[in-house]
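Taken together, the values in this text are just the output of simple stated rules run on the coordinates, not laboratory data. In this text the structure is predicted, and so the values were computed from the model without any measurement. Every residue, glycine among them, receives a Cβ derived from its backbone with ideal geometry; neighbour counts consider all protein chains shown.
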Amino acid sequence: MAGELVSPTPALRGSARRAAALKLLRRRLIQAVPLMLGVVVINFCLIQMAPGSFLELMTAENQVSDPATVALLRKTYGLDDPVWMQLLKYIWALLHFDFGFSYRQNMPVIQAIWIHLPATILLMVSSIALAVTIGVAAGVVASMKVRTFWDSLVSVAAMFFYAAPSFWLGIMLIVLFSVKLGWLPVGGMMKIGGNGGVLEILHHLILPTLALGLFYAAIYARVMRSSMLEVAQLDFVRTARAKGLSRNQVTIHHVLRNALLPVVTILGVQMGTVLAGSVVIESVFSWPGVGSLLFDSVSSRNYPVVLGIMVLGSLVVIAANIAVDLIYMWLDPRIEIR
Amino acid sequence: MQRFEFLGRFARNRGALVGAGLILVVALMAILAPVFFPTDPLRIVGLPELWPGEDSEFPLGTDSLGRDILAMIVHGARATLLIGLFASAVATIIGVGVGAIAGYFGGWVDEIAMRAAELFQTIPNLIFVLTIVVILGSTLSNIVIAIGIVSWTPIARMTRAEFLALRDREFVQACRSMGMSDFRIILTEILPNALPPVIVLSSLVVAGAILFESAVSFLGLGDPNVASWGRLVGDGRQLIRSSWYICAIPGIAIMITVLCLNLVGDGLNDALNPKLRDR
């Protein structure tokens with residue numbers, strides 16, 4: 001999605017750049033509409049495909065057996081309408097952020113998700129920050145010391161973290177840092193009876209961030225290394241060297257910025273997998289986010305919440321992709337993004 | 001001749017060779033599981049929570065119920081590998097189908113296909129898998145199909161790119177002028193030429209599928225009749241204070257298998273594009 005290259009245009013400055021960014025934002029928002037519609041239709045199809053009617057399952061779960069209530073529910077959910085009418089009604093409801101009601105939490109689905117969202121966003125942001133920092137640093141070191149011990153070390157570490165299942169890595173981190181060394185908490189977001197201070201939350205955030213972030217750090221390290229090596233062969237780098245700049249100066253000021261572009265592209269593509277990965281990690285660390293809510297809802301077959309998380313999760317991914325496109329534009333003003 | 005060159009280039013890559021060797025071992029283990037451990041691996045055979053090496057009869061120890069971990073790992077290899085292979089096959093069939101049609105016909109067909117790929121990339125993959133599994137039921141076939149559905153987009157993009165590059169070449173034009181049908185050109189003329197890079201990608205999708213399946217099973221949402229490696233990690237989770245090896249061992253098995261599949265995929269890739277090898 002991010003960064004489809006079109007013909008390079010001269011670098012824009014100041015207000016022109018802001019106007020271009022706004023134009024991009026508008027175009028992206030318009031493109032997001034059919035995408036969201038697609039997600040909703042897939043959701044609707046899943047409901048229709050459920051064995052037995054959606055309502056039967058719901059009434060069974062909530063132990064409703066009174067025929068009058070069932071008839072009323074049939075009417076409220078419009079199950080007697082033709083399928084296309086049901087779809088339109090469903091879309092209409094979602095447009096008003098009406099995702100239904102969760103009896104388990106005894107609140108509207110949207111509210112249940114909303115309460116859990118900040119914890120997940122915190123985990124996602126810290127994991128991505130960790131992944132980008134470690135990945136870029138490791139990739140740069142490896143590319144500057146090609147075919148040395150450091151290069152091999154980065155390659156081997158990246159290979160292992162790229163293959164390790166995140167939930168397993170999380171458990172192993174708990175065994176080492178919580179059970180054996182006793183340095184870090186086993187799970188949760190704050191101590192029982194804790195006041196939820198910033199330091200307390202950060203203390204609890206370290207292990208889940210490592211478990212989720214190291215996988216992506218491995219990817220970024222590999223991409224960064226090859227991208228640095230590729231950019232280092234371009235003409236403008238030779239020019240900068242010929243101008244008399246030192247190797248380190250050229251690497252940091254000229255190569256690094258250009259080599260970052262593929263990392264940003266991948267970051268955008270992977271936003272959805274980071275969100276999905278947090279589901280597993282949250283369950284390992286009892287992190288009170290959307291992942292824990294999803295796991296609880298999946299186990300209790302609380303469909304409205306599961307489907308709501310799928311729709312809102314896709315929305316978060318689309319928003320994150322737009323943000324990545326804007327970052328891309330800021331990093332490389334030559335590129336016009338379709 | 002070309003084929004030997006390809007094999008030679010692959011064999012020069014030490015990592016890929018080691019990876020291929022280990023994959024072969026895991027595959028043999030899966031095939032021969034009933035020969036090594038003819039009885040049910042979930043049977044209680046010894047004292048509970050024996051550490052690896054504590055009793056020579058159970059080299060990898062026993063779990064909380066006294067079941068032989070080695071037997072469970074060997075039998076678990078079957079489930080894990082089969083799910084990975086079938087899910088990758090589903091993803092490849094969908095991806096090649098969509099990508100071939102998009103790349104060959106172009107225009108609005110291409111536009112729709114690529115928007116669909118974008119759509120499936122937007123929905124967070126594991127959340128999608130869990131939703132499908134929970135609504136349609138946690139059977140083996142549903143899990144395989146669900147993983148295939150979230151993994152086909154890279155294959156479709158790759159196939160499309162190959163088709164775009166090939167569809168106007170002389171041999172295709174020749175077939176068209178002979179009056180060959182589009183369907184036949186796609187299937188018998190372009191597809192064989194487009195396939196090698198796609199197969200490499202499929203091997204990487206197997207690795208991804210194994211990770212997906214292990215996460216689903218770890219969360220306790222896998223097929224209850226199948227003891228895959230992910231489920232073994234999940235089962236051992238309660239005992240990390242006393243016997244963390246119960247969790248560690250199946251995780252290492254997953255990691256080694258995925259690592260080797262990645263090495264083989266990289267090796268195939270390098271052998272296909274020798275120019276890119278030093279990146």
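Residues of region A:250-280 falling in the label zone of A:Leu181, defined by backbone nitrogen less than 18 Å from a point 7 Å along Cα to beta-carbon, are absent.
The magnitude of the dipole of the protein assembly as shown, with charges of +1 and -1 set on the Cβ of Lys/Arg and Asp/Glu and taken from the Cα centre, is near 2220 debye. Between B:Asn225 and A:Ala242, the modelled label-to-label distance comes to 7.1 nm, taking each label 7 Å out from Cα in the direction of the beta carbon. Across chain A, the mean sequence separation of Cα contacts (distance under 8 Å, 6 or more residues apart), normalised by length, yields a relative contact order of 31 percent.
Report, as a whole number in µm² per second, the diffusion coefficient that Stokes-Einstein gives for region B:1-140 at 25 °C and 0.890 mPa s using the Kirkwood radius over alpha carbon pairs. Don't skip to the end; give the middle numbers.
Values: Rh = 19.6 Å.
The estimated diffusion coefficient comes to 126 µm²/s.
Note on B:Asn273 and B:Trp51: the extension gain reaches 75.3 nm, defined as 0.36 nm multiplied by sequence separation minus the Cα-Cα distance. Mind checking the log10 I(q)/I(0) for the protein assembly as shown at q = 0.07, 0.08, 0.11 Å⁻¹? Debye, one equal scatterer per Cα, no solvent, two decimals. Summing over Cα pairs of the protein assembly as shown leads to -0.49, -0.65, -1.24. The Kirkwood radius of chain B, taken over pairs of alpha-carbon atoms, gives through the Stokes-Einstein law at 4 °C and 1.567 mPa s a diffusion coefficient of 62 µm² s⁻¹.
About its Cα centre, region B:1-75 has a charge dipole of approximately 720 debye under the convention of +1 per Lys or Arg Cβ and -1 per Asp or Glu Cβ, with nothing else charged. Values of log10 I(q)/I(0) for region A:116-331 across q = 0.10, 0.15, 0.17, 0.18 Å⁻¹ run -0.52, -1.01, -1.18, -1.26, by the Debye formula with one identical scatterer at each alpha carbon and no solvent. Helix content alone sets the calculated 222 nm mean residue ellipticity of chain B: runs of n ≥ 4 DSSP H residues at -39500 (n - 2.57) each, divided across all residues, give -23500 deg cm²/dmol. Bridging of A:Lys243 to lysines at a Cα separation below 29 Å is possible for A:Lys145, once same-chain residues fewer than 8 apart are set aside.
In terms of the mean number of neighbouring beta-carbon atoms within 10 Å, the peptides A:125-132, B:80-87 order highest first as B:80-87, A:125-132. Rounded to the nearest 10 degrees, the angle from helix A:303-331 to the longest Cα principal axis of chain A is 20 degrees. Inter-label distance, A:Gln233 to A:Leu88: 5.9 nm, where each label sits 7 Å from its Cα along the C-beta direction. If one takes the longest principal axis of the Cα atoms in chain A, at what angle in degrees, from 0 to 90 and to the nearest 10, does the Cα axis of helix A:198-231 lie? For A:198-231 against chain A, the angle is about 50 degrees.
Note on A:Ala323 and A:Lys145: the model spin-label points, each 7 Å out from Cα along the C-beta direction, lie 3.3 nm apart.
How crowded by other chains is A:165-176, given as the mean number of beta carbons from other chains within 10 Å of each beta carbon? Please report the intermediate quantities before stating the final value.
On the way: counts 14, 4, 12, 16, 2, 0, 10, 6, 0, 5, 6, 1.
Per residue, the average neighbour count from other chains is 6.
Against chain A, whose longest principal axis comes from its Cα atoms, helix A:67-76 is set at around 40 degrees.
Net length available on complete extension from A:Leu331 to A:Leu37 is 102.7 nm, with 0.36 nm assigned per residue and the Cα-Cα distance removed. Computing FRET efficiency as 1/(1 + (r/R0)^6) for A:Val198 and B:Leu82, where r is the C-beta to C-beta distance and R0 is 56 Å, gives about 0.75.
Each peptide among A:314-322, A:153-161 gets the average number of other Cβ atoms lying within 10 Å of its residues, and from highest to lowest they stand as A:314-322, A:153-161.
Once you average over the residues of B:113-123, how many Cβ atoms of partner chains fall within 10 Å of each Cβ? Don't jump to the answer; show the numbers that get you there.
Details: counts 0, 0, 4, 1, 1, 7, 9, 4, 10, 15, 13.
If you average over the peptide's residues, the count of other-chain Cβ atoms is 6.
Note on B:Phe105 and A:Met49: with the Förster distance fixed at 25 Å, the Cβ-Cβ geometry gives a FRET efficiency of about 0.30. Extension gain, B:Leu7-B:Glu170: 0.36 nm per intervening residue step, less the Cα-Cα distance, totals 55.8 nm. Taking every alpha-carbon pair within region B:152-279, the share separated by more than 25 Å comes to 49 percent. Inter-chain Cβ neighbour count for B:131-140, averaged per residue, equals 5 (cutoff 10 Å, partner chain atoms only). Normalised by the number of residues in region B:2-278, the mean separation of alpha-carbon contacts (under 8 Å, six or more apart) gives a relative contact order of 25 percent. For A:Lys89, a cut-off of 17 angstrom between C-alpha atoms picks up these aspartates and glutamates, skipping any fewer than 8 places away in its own chain: A:Asp80, A:Asp81, A:Asp98.
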